[in-house]
Amino acid sequence: MVISAVAVLATLVYASYLDIRDRRVPFMTWYPMLAIGISATIVLFYQQTGNISLIFGYLALVASFLYADYLDNRNPGIPFRFPYLAAVLALPVISWFIIPTISTGKLPELQLIPWYVLFVGLLGYVSYREYKKQPGRKLKAKQIKKDAMKESNIEEVLSRWYSVLVIVILAIASFYMIGGGSWGVSGIYIALAAVFCGVFYVFGQMHLFGGADAWALIFIAFCIPTFPITPLLNTPPLGFLSFSVLINALILNLVAPVGIFIINIVKGNRAPLQYMFFGFPVKGEEIQDSWGFVMEDFTETKGTVERKFIGFWDSLRRMRSEEGRVYTKDLREHPEEYEKELGLYRKAGTVWISYAVPFILPITAGLISAIVCGDFLFSLIRLLTGGA
């Protein structure tokens, strides 16, 4: 796990650099880390349990997430990779049915058969729809966002959210294998990873979380399932490193809003209190040089520019739907599509935008602090309860 942790940390540092520079982390950035981390985790499980079924269950979980990403980002102009689908469908069979039957001489967990059939049906259906796709048209950024919202029937909804059901199936199967004795206590790491990674994959799909940030947390769970060393503040009860990384990252990320608030106060920037913590004003004619999203709506009536801050729930809705939220990146890359907005920003003089510190930076800091120090929240609770 120490070797895996070093590989993960080096990758996160490089990914942080890319995210700051380009606001984009190519998926291939994760490949070296995954090659090292997955191999190290397989060795860990084998040394701890010698359970081949558990190892294949772990590989089934990893393969399912990677296949979901393949389906979501596949270029329709490239032939569909059926071997990917075959591998994803075969791994659960080996883990849930074949190996337990050979090792015990008993029938496998029959309760898992309906779940596996559903698993095959979902992935088979979505894969078939993906296979039938034609090479995509060249669309403008706004049109792409509008087309993404067209989910008028159950087929489109299922194609978009099938991953939720797949994740649920994998989690249920993990608990079945643990309860039936096939995986033992170590199987809890796979069950926790299924739930944890599933949540952040869905968050990424709903645009509540950056894609690189979500994958960073998912791959940490895959590559470092447990603490590589005993931290200074001791290991939390579950010993699931990814959760501690997330908690520490959230706590460390609270420093940024406080710093932004202080800077706004010092500079004399004025806005409703909540916006003082999460944004700052930039010159309208220079907004394309900044990073973030616009926190205000602008309208022009009889030559007068009127402005209002976007409410929290409205902002959340726009973030989920990718409709109506203006990112400075889009202003920079597609200025011809935002001529009206850019004109209003110049007339307004200043525009409040969100701060744009990629969350992958706190994740990196959270990983380091979790490995060295431990879980901040667990340590605080233990301190407040007198070490109980």
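Structural remarks
- Residue match in the range 53-73 (condition: assigned to a helix (DSSP H, G or I), touching a Lys or Arg at 6+ places or on another chain (Cβ under 8 Å) and in the same structural domain as Val199 (by TED's automatic domain parsing)): yes
- Filter pass, Val93 being of a type outside the set (Phe, Trp, Tyr) and touching an Asp or Glu at 6+ places or on another chain (Cβ under 8 Å): no
- Single unsatisfied condition, Val168 versus (1) within 30 Å of Thr226 (Cα to Cα); (2) at pLDDT 90 or above; (3) touching a helix residue (DSSP H, G or I) at 6+ places or on another chain (Cβ under 6 Å): (3)
- Counting only residues that are more than 17 Å from the chain's Cα centre (by Cα) and in contact (Cβ under 8 Å) with a residue 60 or more places away in the chain, the range 162-180 holds 6 of them.
- Given (1) surrounded by fewer than 19 Cβ atoms within 10 Å (Cβ to Cβ); (2) not in a helix (DSSP H, G or I), index of the condition Trp352 fails: (1)
- The lone exception for Ser39 - which of (1) closer than 20 Å to Met1 by Cβ; (2) of a type outside the set (D, E, K, R); (3) touching a residue at least 12 places away in the same chain (Cβ under 8 Å) it fails: (3)
- Note on the range 186-201: residues that are free of Cβ contacts under 8 Å to residues at least 40 places away in the same chain and either in contact with a Phe, Trp or Tyr (Cβ under 9 Å, 6 or more places away or on another chain) or outside any helix (DSSP H, G or I) (or both) total 3.
- Within the range 283-316, being assigned to a strand (DSSP E or B) and more than 18 Å from Glu339 (Cα to Cα) holds for Lys308, Phe309.
- Selection status of Leu44, touching a strand residue (DSSP E or B) at 6+ places or on another chain (Cβ under 8 Å), in a helix (DSSP H, G or I) and in the same structural domain as Tyr131 (by TED's automatic domain parsing): yes
- Condition check for Ser64: buried (at least 18 other Cβ atoms within 10 Å of the Cβ) and polar (S, T, N, Q): yes
- In the condition set (1) in contact (Cβ under 8 Å) with a residue 12 or more places away in the chain; (2) over 20 Å from Val255 (Cβ atoms); (3) surrounded by 13 or more Cβ atoms within 10 Å (Cβ to Cβ), Thr364 is compliant with all but (2).
- Some residue of the range 243-250 being in the same structural domain as Asn73 (by TED's automatic domain parsing) and under 12 Å from the mean Cα position of the chain (by Cα): no
- Test: residue in the range 235-252 that is in a helix (DSSP H, G or I), without any contact (Cβ under 8 Å) to a residue 24 or more places away in the chain, among the hydrophobic types (A, V, I, L, M, F, W, C) and touching a helix residue (DSSP H, G or I) at 6+ places or on another chain (Cβ under 7 Å): no
- Positions within the range 18-31 being surrounded by 13 or more Cβ atoms within 10 Å (Cβ to Cβ) and in a helix (DSSP H, G or I), in sequence order: Leu18, Asp19, Ile20, Phe27, Thr29, Trp30
- Check on Thr299, at pLDDT 85 or above, surrounded by fewer than 18 Cβ atoms within 10 Å (Cβ to Cβ) and in contact with a Pro (Cβ under 6 Å, 6 or more places away or on another chain): no
- Of all residue pairs spaced 6 or more apart or on separate chains, those with beta-carbon atoms under 6 Å, a first member in the range 1-30 that is over 22 Å from Arg332 (Cβ atoms) and a second member that is assigned to a helix (DSSP H, G or I) and of a type in the set (Ser, Thr, Tyr) are Leu12/Thr364.
- Any chance Phe209 is farther than 21 Å from Pro32 by Cβ and at pLDDT 90 or above: no
- Qualifying residue in the range 98-108 (condition: under 20 Å from Val164 (Cα atoms) and touching a residue at least 24 places away in the same chain (Cβ under 8 Å)): no
- Out of Ser315, Ser369, one residue alone is within 24 Å of the chain's Cα centre (by Cα), surrounded by 14 or more Cβ atoms within 10 Å (Cβ to Cβ), more than 30 Å from Leu238 (Cβ to Cβ) and polar (S, T, N, Q). It is Ser315.
The values are calculated or read from the model by the stated rules, or taken from the named source; none is laboratory data. In this text, all values refer to a predicted model and were calculated from it rather than measured experimentally. Don't worry about glycine lacking a Cβ; one is built from the backbone with ideal geometry, like all the others, and counts go over all protein chains shown.
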